[in-house]
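Worksheet for the structure shown next.
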Amino acid sequence: MKKRLYRVAALLAAVVLLAGCGASPVTTEEEADVTGRYYLVGTTEKAAAVLNEDNYLRLKENGTAIYQIAHDQLEYKWKLKDDGALTLTLDGEKTAGTLADGVITIRLDGSDRVFVKGKNAAQKYIDTHADTILVPPTDRPDGSTAADTKAPDTTEAPSPSTEDTKAPDTTEAPDASTAYSGPFDPDVRFTGTDQYGNEINENVFREHVLTMINFWEPWCGPCVGEMPELEQLYQDRGGELLILGVYWTEDGAAEVLSETGVTYPVILFDSAFGRYQTGYVPTTIFVDPGGHVIGQPYVGARSGADWNEIVTGMIGH
């Protein structure tokens, strides 16, 4: 009789234990590996210069995906198939990508983007692929190399007061109205057609004391926001400063140019500029009349006053 009671008690205990386990939701190891924050580490062609914690794609357990880029944020629905095919859906429009080993590759905002899960892994990816964003060394008459113009290694945009961004010897700078007649071996050689149908190439560097190349995109709020102030700077500086806008995504570009009213030349991206992009927009570089890129890229938008201060430091007045 006692043995029978013990067996019944044991059976009831087992039932209670199983019921308790079943009452708690279980997250599978696969789900735990998939959900989380994936940081933007660059494009399929090159790594980002620095890790920006504001640029990420977060897959949430409730099936939503938060795409954060600069100050803009979009909420998608996401699905992942067993073969690693990832789909993001926004307003009924689907975007296909892949997810494997903590790496997402997907086309967003008109370009292929790579995201890596976790801050440490993302930073490691950027460090490992750093050679893809460095400028190949090129001998120059003054003994320096183009490698001096590599992208910044900090999350803060370079200060105009740093040694890397100092201006060339302004005692030899040509007059704004006179084409440069000194050594000319440009770091970047390109050909493009501006919004007015005029062909433009690297020879334009000769014609100005300083050239400011601003990489932007129509979908980038900070990019568009600073364009009217760049236009004012362009007008204030007369012929000594050339501002050259460079964009990749054609959708919406014409509307932006019309709304902002910029008159400085704007062209489509040329692959020759690829080595100077940082993976973020806006990014700006400066070129002297000899065709040499000065210092490091400036990442992020700035006020007209800040840009004027930077230009003054380079030109000397």
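Structure notes:
- Theoretical FRET efficiency, 1/(1+(r/R0)^6), r = Cβ-Cβ of T98 and L268, R0 22 Å, to 0.05: 0.20
- Residue-wise HN-Hα coupling along region 273-283, computed from phi with Karplus coefficients 6.51, -1.76, 1.60 (Hz; x: Gly, Pro): 7, x, 5, 9, 7, 9, x, 10, 10, x, 10
- Rounded to whole Hz, the Karplus (6.51, -1.76, 1.60) HN-Hα couplings of region 51-56, x for glycine and proline: 8, 10, 5, 8, 10, 7
- Annotation: amide H-H contacts under 5 Å for Y180 (H modelled 1.01 Å from N, sequence separation of 5 or more, or interchain): E207, H208.
- By other beta-carbon atoms within 10 Å, ranking V311, V204, V256 with the fewest at the front produces V204, V256, V311.
- For G245, the residues whose modelled amide H falls within less than 5 Å of its own, excluding neighbours fewer than 5 places apart on the same chain, are N214, V266, I267.
- Taking every C-alpha pair closer than 8 Å and separated by at least 6 residues, the mean separation divided by the residue count of region 29-130 gives a relative contact order of 30 percent.
- In sequence order, region 85-98 has phi-based couplings of 6, 9, 10, 10, 10, 9, 6, x, 9, 9, 10, 9, x, 9 Hz under the Karplus curve 6.51 cos²θ - 1.76 cosθ + 1.60, θ = phi - 60°, and Gly or Pro positions carry x.
None of the figures in this text is laboratory data; all of them are computed from the coordinates on show. Quick caveat: nothing in here was measured; it's all calculated off a predicted structure. No Cβ is skipped: glycine too gets one built from the backbone with ideal geometry, and neighbour counts run over all protein chains shown.
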